[in-house]
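One structure below.
The values are calculated or read from the model by the stated rules, or taken from the named source; none is laboratory data. Keep in mind that this is a model prediction, so the values were computed, not measured. Here the Cβ positions follow ideal geometry from the backbone for every residue, glycine too, while neighbour counts run over all protein chains shown. SASA here: full protein model, heavy atoms, side chains in, ligands and nucleic acids out. Shrake-Rupley method; radii C 1.70, N 1.55, O 1.52, S 1.80 Å.
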Amino acid sequence: MLLEKLFVNNRGQYQGARGEDCVLADPSLRLLVPRSTRTSSGSVLVLLAFSGLAILGLVFLAAIWAGKESDAAALDRQRQLVNSRLLDQVRGVSQDIQLMGAGYASLLLADSAMASGKHERAGATSAAAFGKIATTVFGYNAAFLVTPAGELALESDPETSRRFKWVRPLLQPMIQDLEAKQHGTPQGSTSDPQPSRVELMRLEGRPSVAGVVSVKSSSNTNQQQGNDANGLYLVAFRFLDGVTLDTLSREQGLAGARYARTADQEQDEVAFQIEATASGEPIGFIIWTPDLPGSRVIGRLVPILSIAGLVIVGLFFALMGRLRRSLRELSASEHHARHLSLHDVLTGLPNRALFAARLEQCLASMKSPGRRSVLALVDLDKFKEVNDIHGHAAGDELLRGVVDRMNALIEPGDTLARLGGDEFALLLPDAREGDDSHILLCNTIIGALSKPFQLRDGDIVVRIGCSIGIAAFHDAAQASSEILRRADVALYEAKTNGRGRLVEYDPSLDHRVEARENLKNDLRLVLADHAHLPDSANNASSIDPGRLEVFFQGVHRADAHGRLSGAEALLRWRHPTLGLLSPDKFIPIAEEAGMIDQLGHWVLRSAAEAAAGWPADMSVAVNVSPSQIRHRDFDHHVLSILAETGLPPSRLELELTEAALFNIDEDAQATLGKLRSRGIRIALDDFGTGFSSLSHLIQFNIDRIKIDRSFVRLLGTQAEGAAIVSAILGLSRTLGKATTAEGVETEGQRDFLVAAGCNDLQGFLFSRPMPLADFLPTIRSTKAAAQVVR
């Protein structure tokens, strides 16, 4: 039953529906998981994007910092070189002034031997010559020989006198300092033969290196000259902003080096301050454009780094885009997988798990008085036939069409779910007391599904229907399993009472279900008795399930004599309380309970045992189910029964319905072929009422066609009946198939069938189904009548 499939096989799902599945069933909660996933994915992407940009920024900052550090180191190195060159200038002037002082001293010593009258002229001439040496050879801008008092020691031209007068105030402190140092030196000390002093200062408004050296001469010479001091002083200076600066710029690579009195360098220039040695005050600035290797490298690398950065950024964002798409696809895939776990793939409807959760939620929310809900189970009628005739693709299209029609009728708050196959469940959560709108809705669904369905773009038109069982509930304490059981009971009642109808659950239906279950148990017991104990009278069980019996209905020749040619075995169950039951009362139960193979095996054996004692020209026909034919060892079972009972294979005829032929595979077809090869005949029962196909008559090598009683009943009442029966008989003669007409009840029907060329007749006109004990006298009387005719 549907209830068993829904609860027994899915018990774990319903337990889970109270927890995780119930949460997922709520649409608002179900959407939270994908949204949090998208938020988490977005956060990861933002983090990765910021991380990538931060790394790229750090690379650029590191490159700039390295360039700046390199520039700072280069600039510091250049400043040190400039300072070193200035110190070199000071040391060079100190050395030069010592040499020039020694030279003057030598000249003065040479002139001391000359006459006093000649001394002044000779000394002047020597001093002038030596001054040219100082300016031309040593590269000084001016040189003076002065007395300790700061006066020119020799007569000079007006220009020289004027120039010395201009610089004297700046040079005098050096002379005085050197004079003081000289007087403080002990007499006869030789540690500093030529005392000197060199300073950086501004002379004539220009930065200069000035040096003063003592020019020592003999006492005699000094006295002869009439000087009060012990000696003379040589003063020389060199400007730093002219040739000296050009030389410095060329040697040290100072681009655009220039001198300025103030620090007026441009933005791309640096200034080096020259400080006076004595006072430490600035005397000027050397300004140049520094060589900055870091900036130069950065300047060269910026285009490359920019292009590389753009490429990296492009690749990074492309990667981020791809990663984002991948995360989006993963999220969509997760959402799709979650959706598939809770929905039917074919129709998109909620599946069993989601429907169970919705039902639990509906029960949990039933608190307000006067509110009730309705559960309806919908089972399609004749869907299996459509699936078998037109294929699974057409069946799937039909299911989608069914869902579309039902969805068009229900309200947005209702839940329509597919439980499996052609079974659906409909939950109506808002059905008020005294309101029969759910009855109206279910009847509308039955009417909508009973209308034709056009499949494959109108190439196929099918008609089905549906049966609906409903159960109303208004108590939250009721278990969902009990509600489904009630709806399933109502559905079974609708299906057993003709289908295409609606049945609402009523407690009285439980008695019918109980009776059905009791009948199933009795059938199981009776089969067990027949399987183990041939004589059911010896059954020691306290429960009497009754006994199965095989009845026989004769088949007669369609001629003037109507001689008995065989019989069809028909199963009956003699129940101790229900009386004699026809197959339509218990065969569906046997099929549902999986007992049909065992039952069919027993009928075949019983019929073969009975027919083995009949005349040799009589055959027996036995119905077999599709399940029996699909059994792997069916042919061995049949042949073993024939061997055990002694019935010749040529006297056995197996009857299959058209539906059975549609449900067998190649192995079952091969099984039928083996049985035919041994002489067993195959008959197609109820021809024309199910899946009539001419290909089956040829493909399965059918030996006999049995015309259904519904066509025979039309004979004499409707013209179409005669036409249909005549067509079937004509087709059978053309294909070389024997024919048997079932349900012959009037002489008019018999006469028409005989005249139309039917081979055999079966029906109440000749005999009713009867037990073997009653059928045997019929055989004997037929045999005696045949002897009389002879």
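Between ALA263 and LYS451, what is 0.36 nm times their sequence separation minus the Cα-Cα distance? Round to one decimal in nm.
Working: separation 188, 0.36 × 188 = 67.68 nm, distance 10.40 nm.
Roughly 57.3 nm would be gained on extension.
Pairs of Cα atoms under 8 Å, at least six residues apart: use those to get the relative contact order of the range 624-782, whole percent.
Across the range 624-782, relative contact order equals 16 percent.
Order 254-263, 480-489 from most to least packed using the mean count of other Cβ atoms within 10 Å.
So the peptides 254-263, 480-489, ranked by packing, come out 480-489, 254-263.
Based on the Cα atoms of the range 412-457, what semi-axes does the equivalent ellipsoid have, where each is the square root of 5 times one gyration tensor eigenvalue, given in whole Å with the largest first?
24, 15, 9
Quick one: order GLU281, GLU155 from most to least accessible surface, probe 1.4 Å. It would help to have the intermediate numbers written out before the result.
Working: GLU281 115, GLU155 175 Å².
Largest accessible area first, the list is GLU155, GLU281.
Could you put GLU269, GLU644 in order of accessible surface area, largest first, with the 1.4 Å probe and the full protein assembly present? Write down the numbers at each step before the final one.
Values: GLU269 35, GLU644 115 Å².
Reading off the accessible areas and sorting them downward yields GLU644, GLU269.
At a threshold of 8 angstrom on Cα-Cα distance, excluding pairs fewer than six apart, so keeping six or more, what relative contact order does the range 235-297 reach in percent? Intermediate results must be reported in sequence, preceding the final value.
Working: 80 pairs, mean separation 19.6, N = 63.
Relative contact order here is 31 percent.
What accessible area per residue comes out for the range 260-316, rounded to a whole number of Å², with a 1.4 Å probe? Can you show the working numbers first?
Details: 3420 Å² over 57 residues.
Normalised by residue count, the accessible surface of the range 260-316 is 60 Å².
What is the range 370-473's relative contact order, in percent, from Cα pairs under 8 angstrom and six or more apart in sequence?
Averaging sequence separation for qualifying contacts and normalising by length gives 44 percent for the range 370-473.
Trypsin sites (Lys or Arg not before Pro), restricted to the range 406-479: which are DSSP loop and have at most 14 other Cβ atoms within 10 Å?
Working: sites: ARG418, ARG432, ARG456, ARG463; in loops: ARG456, ARG463.
Within the range 406-479, the qualifying trypsin sites (Lys or Arg not before Pro) (loop, at most 14 other Cβ atoms within 10 Å) are ARG456, ARG463.
Determine the distance separating the Cα centre of the range 438-452 from the Cα centre of the range 631-682; give it in Å without decimals.
44
Calculate, in nm to one decimal, what VAL461 and ALA149 gain on full extension: separation in residues at 0.36 nm each, minus their alpha carbon distance. Before the final figure, lay out the partial values.
On the way: separation 312, 0.36 × 312 = 112.32 nm, distance 13.98 nm.
Taking VAL461 through ALA149 to full extension adds about 98.3 nm, to one decimal.
Suppose each label sits 7 Å from its Cα in the direction of the beta carbon; what would the LEU580-SER726 distance come out to in nanometres?
Going from the LEU580 label point to the SER726 one covers 3.9 nm.
On the protein heavy atoms, probe 1.4 angstrom, tell me the percent of accessible surface of the range 633-675 carried by carbon and sulfur.
Values: 880 of 1720 Å².
Result for the range 633-675: 51 percent of the exposed heavy-atom area is carbon or sulfur.
Rounded to the nearest 0.05, what FRET efficiency do ALA180 and VAL90 give with R0 = 25 Å and r taken as the Cβ-Cβ distance? Could you check?
0.75
Return the FRET efficiency for the residue pair SER781, ALA670: r is the Cβ-Cβ distance, R0 is 56 Å, and the value is rounded to the nearest 0.05.
The formula returns an efficiency of 0.85 here.
Quick one: how many Å² of THR734 are accessible to a 1.4 Å probe, rounded to 10?
For THR734, solvent-accessible area is about 120 Å².
Using only Cα positions of the range 288-354, each an equal point scatterer, no hydration layer, compute I(q)/I(0) via Debye at q = 0.17, 0.28, 0.29 Å⁻¹ and quote the log10 values to two decimals.
Ignoring solvent entirely, the Cα scatterers give -0.77, -1.06, -1.09.
Using a 1.4 Å probe on the protein chains only, how many percent of the accessible area of the range 468-606 belongs to carbon and sulfur?
49
VAL754 accessible area, nearest 10 Å², 1.4 Å probe?
Ignoring ligands and nucleic acids, VAL754 comes out at about 50 Å².
Quick one: which residues, 5 or more positions from THR657 or on another chain, have an amide H under 5 Å from its amide H? H modelled 1.01 Å from N in the peptide plane, none for Pro or chain starts.
Answer set, sorted by chain and number: ASP685.
Tell me the label-point distance for the pair GLU482, LEU409, using the 7 Å Cα-to-Cβ offset, in nm and rounded to one decimal.
About 3.0 nm separates the two model spin labels.
Quick one: pull the percent of accessible area on the range 342-466 belonging to carbon and sulfur, 1.4 Å probe, ligands and nucleic acids left out.
So the carbon and sulfur contribution to the accessible surface is 49 percent.
Tell me the per residue accessible area of the range 336-428 using a 1.4 Å probe; a whole number in Å² is fine.
39
Longer than 18 Å from Cα to Cα, which of LYS706/LYS783; LYS384/LYS737; LYS495/LYS706; LYS382/LYS495; LYS520/LYS585 are they? Say none if no pair is.
Pairs exceeding 18 Å: LYS706/LYS783; LYS384/LYS737; LYS495/LYS706.
What is the gain in length, in nm to one decimal, between THR277 and LEU330 on full extension, counting 0.36 nm per residue of separation less the C-alpha to C-alpha distance?
That works out to 11.2 nm of additional length.
Using mean Cβ contacts within 10 Å as the protection proxy, how do 87-93, 247-253, 738-744 order, highest first?
738-744, 87-93, 247-253
Compute, for LEU580, the solvent-accessible surface of its heavy atoms (probe 1.4 Å) with the complete set of protein chains present, and express it in square angstrom to the nearest 10.
Counting only protein heavy atoms, the figure is 80 Å².
Quick one: if the Förster radius is 30 Å, what FRET efficiency do ILE389 and LYS520 give, using the C-beta to C-beta distance and rounding to 0.05? Before the final figure, lay out the partial values.
Working: r = 31 Å, r/R0 = 1.02.
Calculated value: 0.45.
Ordering PHE316, PHE50, PHE60 by accessible area with a probe of 1.4 Å, largest first, what comes out?
The most accessible residue leads, giving PHE50, PHE60, PHE316.
What is the sum of charges around GLY579, taking Lys and Arg as +1, Asp and Glu as -1, for the other residues whose C-beta is under 12 Å from the C-beta of GLY579?
Result for the neighbourhood of GLY579: +3.
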